[in-house]
Amino acid sequence: MRARLAADSPISELMHTALTRPELISLAAGFVDQASLPHEATRSAALALFDDPEATRAALQYGTTAGSRELRARLLARVHAADGGGALEAADGGGRLEAAVEQVVLAAGSNQILYLVANALLDPGDIVLCDAPSYFVFTGLLRMLGARCVGVRADAGGMCLDALEEQLERCARAGTLERVKAIYVVSYFDNPRGLCLQAERRARLVQLAQRYSTRQQIYVIEDAAYRELAFDAAPAPSVWSTDPTRDVVVYAGTFSKSFAPGLRVGFGILPPALVQPVLDLKGNLDFGAPNLNQSLLLRALELGLYEPHAAQLRAIYARKAATMCDALDDAVVARGLGRYERPAGGLYVWLELPDAIDTGPRGRLLARALEEGVLYVPGSYFFPEPEGAPLNCMRLSFGVQSEPRIASGIEKLARAIHACR
Ligand SMILES: Cc1ncc(COP(=O)(O)O)c(C=O)c1O
């Protein structure tokens, strides 16, 4: 039974701890800020929709497997504009946009896109190269499918491409290159480290994937879940934008982080060869993501309700991140208890402690932190290959807690670290 391969997910254990001990300050969950969820914007979008009986009935009907064409066209144009490409329609009177919209698939969250793409691509024993550390829901999915996730070293600029090339060479020498089906990167403010794939590495990543695609296409799966949560300057153009053929990169986007995860609207922009396989799988799965939610999001975008909300969120998360980082500087870094890179967006900080401190479920620190009343995610959970993974790291999230509770949580954590030193 395949479900056996999905059992014992670390996240279920952590969620259980957080839920059964509500007094804990959880810096673990990757949830978004509750107080800023877009009640007013969603209300206005819903009223505008529900005032139009015909549009409402259409939204209450099944949609298409790929999802609302209008929304897909809008999302494609947004990504294109964020990449500095301007409006696609303007480029050639609409022809290119028409064709490219066929490559966009809407899904119940971007996780479903990742799920469909992985299912479309992978046979048991196939290999996916991932950042070490990486988003553990995706690596868990790969394991469930019987695929192998092989970790590639990452530094402050994201995946190290020399390490990637060495790994691809190793596969070539071992005769396993034809099992390598994809390279997975979270390109903006990643989960778990809050860091971006350096702009200069993006085009080279695509070139490397192409160079080693001798027998079969090695796809680059670009998970852009946190792209819209940049605190200041617009982040670098996507990896997808550096793929001149559009045959290599899968772009997975979502409105969970920048609008409302409860809507579960995510999307994929797929290379043409993957569109039909993904739609075939989706046709068997649900024949279309929830239509009403797509209509609500479309209204929110059309009425100009989304952008101000996302801007407000960015400011809220920037303040929360600063609170967490300032508290870490005072209580942890200044006392020689750990180090981290200040994120410029997203929801996470990756903290590295002295080597001797084991942050894992069997180490002293987690128990001590729980005694103090604070929860974090052990860093080892994020490493695609547990053997040899560093034990001294943790992911901290500033998404959920208020600023005073973030500051207090870090003080508690610092006390626990100090006690375990
Ligand atoms: C890196 C990354 N990708 C994808 C997702 C999935 O988001 P959703 O399915 O809500 O779009 C998450 C959620 O936490 C994430 O952290």
Cβ charges +1 (Lys, Arg) and -1 (Asp, Glu), total dipole of segment 84-232, debye: 560
Please find the FRET efficiency linking A199 to E169, where r is the Cβ-Cβ separation and R0 is fixed at 35 Å, and quote it to the nearest 0.05. 0.90
For H16, H418, ascending order of other Cβ atoms within 10 Å (fewest first) is H16, H418
Calculate one ³J(HN,Hα) per residue across segment 18-30 by plugging θ = phi - 60° into the Karplus curve 6.51 cos²θ - 1.76 cosθ + 1.60, and present them in order as whole Hz with x for glycine and proline. 5, 6, 7, 10, x, 6, 5, 8, 8, 9, 9, 5, x
Can you work out D for segment 378-421 in µm² s⁻¹ from Stokes-Einstein, where Rh is the Kirkwood radius over C-alpha pairs, the temperature is 4 °C and the viscosity is 1.567 mPa s? 107
The local net charge around E371, scoring Lys/Arg +1 and Asp/Glu -1 for residues other than E371 whose Cβ lies under 15 Å from its Cβ, equals +2
P(r) for segment 344-415, please, calculated from all Cα pair distances in 5 Å bins and given in %. 3, 16, 26, 27, 16, 9, 2, 0
With the chain treated as a Gaussian network of Cα nodes joined by springs under 10 Å, which of Q34, Q217, Q401 yields the largest mean-square fluctuation? Q34
Using eta = 1.567 mPa s and T = 4 °C, Stokes-Einstein with Kirkwood Rh from Cα pairs puts D for segment 301-345, in µm² s⁻¹, at 106
What number, rounded to the nearest 500 deg cm²/dmol, is the helix-based mean residue ellipticity at 222 nm of the chain, given -39500 (n - 2.57) per DSSP H run of at least four residues and division by all its residues? -13500 deg cm²/dmol
Restricting to aspartates and glutamates and to Cα separations under 16 Å from K282, and discarding same-chain partners fewer than 8 apart, the set is E102
Plugging the Kirkwood radius over Cα pairs into Stokes-Einstein for segment 260-382, at a temperature of 4 °C and a viscosity of 1.567 mPa s, what D comes out in µm²/s? 69
Given the convex hull of the Cα atoms of segment 205-291, what is a quarter of its surface area in nm²? 7.0
Can you check how the C-alpha radius of gyration of segment 41-89 compares to 2.2 N^0.38 Å, as a plain ratio? 1.44
Label-point separation (nm) for E70 and E54, each offset 7 Å from Cα along Cα-to-Cβ? 1.1
From the residues C325, G336, A73, which one has its Cα farthest along the dipole of the chain in the positive direction, the dipole being from +1 and -1 charges on Cβ of Lys/Arg and Asp/Glu about the Cα centre? G336
Given 0.36 nm per residue, what is the gain on full extension from A322 to E302 after removing their alpha carbon distance, in nm? 3.9 nm
Segment 164-206, Cα convex hull volume normalised per residue, Å³: 86
Sort C393, C149 by Cβ crowding within 10 Å, fewest neighbours at the top. C149, C393
Under 16 Å from K320, Cα to Cα: lysines that are on another chain or at least 8 residues apart: K257
Which is farthest toward the positive dipole end of segment 241-299 among F255, G288, T245, measuring Cα position about the Cα centre, with Cβ charges +1 (Lys, Arg) and -1 (Asp, Glu)? F255
Inter-label distance for E102 and A233, nm, one decimal - labels placed 7 Å from Cα along Cα-to-Cβ: 3.9
Cut-off 20 Å (backbone N to label point 7 Å along Cα→Cβ of D329), residues of segment 216-234: 231-233
Candidate aspartates and glutamates for bridging to K412, where Cα separation is under 19 Å - those fewer than 8 sequence places away on the same chain excluded: E23, D326, D329, D330, E352, D358, E371, E372, E403
Can you tell me how much longer the chain between Q216 and A6 gets when fully stretched, taken as 0.36 nm per residue apart minus their C-alpha distance, in nm with one decimal? 72.8 nm
Kirkwood estimate for segment 105-210, i.e. one over the average of 1/r between Cα atoms, Å: 14.2
For the chain, size of Cβ-based charge dipole, Lys and Arg +1, Asp and Glu -1, in debye: 660
Surface/4 estimate of mean projected area, convex hull on alpha-carbon atoms of the chain, nm²: 20.6
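The numbers here are math on the coordinates, done by the rules we state, and not lab data. Computed from a predicted model, the values in this text were never measured in an experiment. Please note: Cβ atoms are built from the backbone with ideal geometry, for glycine as well, and neighbour counts cover all protein chains shown.
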